[in-house]
Amino acid sequence: MIVDDDESVRDVISVLLREEGYHCAVASGADMALELAQQEDTPLVISDMKMPGKDGLWLLEAFREQHPDTAVIMLTGYGDTEAAVDCLRRGAVDYLLKPPKLTDLIRSIERALAKRRIELARKRYQKKLERKVRDRTTELRNALKDVSTTYQNTLLALVTALDAREHETSDHSQRVVEYTTAIAHIMAIKGPELEEIGRGALLHDIGKIGVPDAVLLKPGKLTPEEWVEMRKHPDIGFSMIAPIPFLSIPSQIVLSHQERFDGRGYPRGLAREEIHIGARIFSVADTLDAMTSDRPYRKGTTFANAIEEIHRCSGTQFDPQVVKAFLDIGEAGLVKIKEDMVARKKAAAAAKLANGGNGSGGAAPAGGGTPSSGTPVGGSGVAAAAPDVTH
């Protein structure tokens, strides 16, 4: 496109270029040039610098904004070096004096069009590369999701085996994680941190693999020597999973899940914020499930009694902020968590039966599932039975 307010200049340049095989459109001013560019593809514009109204520099910037793929060559009747530099700085591909020699004009046009072709090819390549990156990112995200699901199912299978060793059921493991994540939600914990806490709750008793059956499965009270063996399980569990990168944070929960807020727990006697927040949340959830679940040697208490006892031990055994979040869920909310799990189990069992017995017996919650060690609450009444649960 030739843009010049002088008709004779437009005619001469357009005739010469047509003879060289170029298709040319002409415009008498900046506004007309933009209108023509809207109607058809314009790979190159040759524009005069000095025009009445909107000059060549205005048109150059307008094309850079509205038609960035269009190359622009500026023409001027003045040999002003500063103006030439200004044109090139604003995006012009060349700057020629009027009247330009035909050979100089052709060379400038060829350079401009070659540069444009290279730039368009670069942009196409960049878009193609970005599309490939998006596709590969999606594939990688799906692959990581598959790996995460595999990890989670592996961990759940391991914990289910531990449950079976203690004659527990996997329902217990999943309830503890559900209670733990419900409390964490109230405390505005979300995303990766919530997932880490769920895994920590899932694996908190993994160290019981190293506890002898004679101690772990003993139906009666443990002797002092047997308690020494039992209390090794947090350290054993930590040493088992800490070297695994994606379990580094859950390993801290495993190590600290028997600590107490007042510093009277084990194995390290940590207190208050020294204890990982996930372990502080878990201890409340674990105690709730231990107190409200039936055991061979006792029947579980009511949710109301368990809530009252946990509230009583706020500030001693339990973190007051965690207890506050726990109380905010309310008895009805906690009961609903348990009832929902029962309903999901029944639905999974029905689906398995409908499929002829194939598939899994139930899906793990997002955070996983874990057996509980039933942190002793202390005091009288139902809570007094808690030490027997902590085997």
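The values are calculated or read from the model by the stated rules, or taken from the named source; none is laboratory data. Quick caveat: nothing in here was measured; it's all calculated off a predicted structure. Note: ideal-geometry Cβ built from the backbone for every residue, glycine included; neighbour counts use all protein chains shown.
Residue pairs whose Cβ atoms lie under 7 Å apart, sitting 6 or more positions apart in sequence or on different chains, and linking a residue in the range 316-342 that is aromatic (Phe, Trp, Tyr) to a partner that is surrounded by 14 or more Cβ atoms within 10 Å (Cβ to Cβ) and part of a helix (DSSP H, G or I), are PHE318/SER283; PHE318/VAL284; PHE318/ILE310; PHE326/ILE183; PHE326/VAL284; PHE326/ILE310.
Contact annotation: residue pairs with Cβ atoms under 8 Å, 6 or more positions apart or on different chains, pairing a residue in the range 186-202 that is in contact (Cβ under 8 Å) with a residue 40 or more places away in the chain with a partner that is surrounded by fewer than 18 Cβ atoms within 10 Å (Cβ to Cβ) and of a type in the set (D, E, K, R), are ILE186/ASP328. Go through the range 285-311 and give me each residue that's crowded, with 23+ Cβ neighbours inside 10 Å, under 35 Å from the mean Cα position of the chain (by Cα) and either at pLDDT below 90 or not polar (S, T, N, Q) (or both). If the condition is that a residue be crowded, with 23+ Cβ neighbours inside 10 Å, under 35 Å from the mean Cα position of the chain (by Cα) and either at pLDDT below 90 or not polar (S, T, N, Q) (or both), then ALA285, ASP286, LEU288, ASP289, ALA290, ILE310 are the ones that fit. Residues that are in contact with a Lys or Arg (Cβ under 8 Å, 6 or more places away or on another chain), surrounded by fewer than 20 Cβ atoms within 10 Å (Cβ to Cβ) and modelled with pLDDT under 90: does the range 268-275 have at least one? No.
As an exercise: evaluate PHE282 against (1) under 19 Å from ILE197 (Cα atoms); (2) modelled with pLDDT under 90; (3) under 30 Å from the mean Cα position of the chain (by Cα) and give the number of the one condition it does not meet. Unmet for PHE282, out of (1) under 19 Å from ILE197 (Cα atoms); (2) modelled with pLDDT under 90; (3) under 30 Å from the mean Cα position of the chain (by Cα): (2). Residues that are farther than 19 Å from PRO99 by Cα and not hydrophobic (A, V, I, L, M, F, W, C) do not occur anywhere in the range 3-14.
No other residue among THR42, THR103 is free of Cβ contacts under 8 Å to residues at least 12 places away in the same chain and among the hydroxyl-bearing types (Ser, Thr, Tyr) apart from THR103. Within the range 51-71, residues that are touching a residue at least 24 places away in the same chain (Cβ under 8 Å) and more than 12 Å from ALA33 (Cα to Cα) have Cβ atoms under 6 Å from residues that are among the aliphatic types (A, V, I, L, M) and part of a loop (DSSP other than H, G, I, E, B) in these pairs: ALA71/VAL93, counting only partners at least 6 apart in sequence or on another chain.
Considering each residue of the range 218-239, count those that are surrounded by 14 or more Cβ atoms within 10 Å (Cβ to Cβ) and at pLDDT below 85, and give that number. Of the residues in the range 218-239, 2 are surrounded by 14 or more Cβ atoms within 10 Å (Cβ to Cβ) and at pLDDT below 85.
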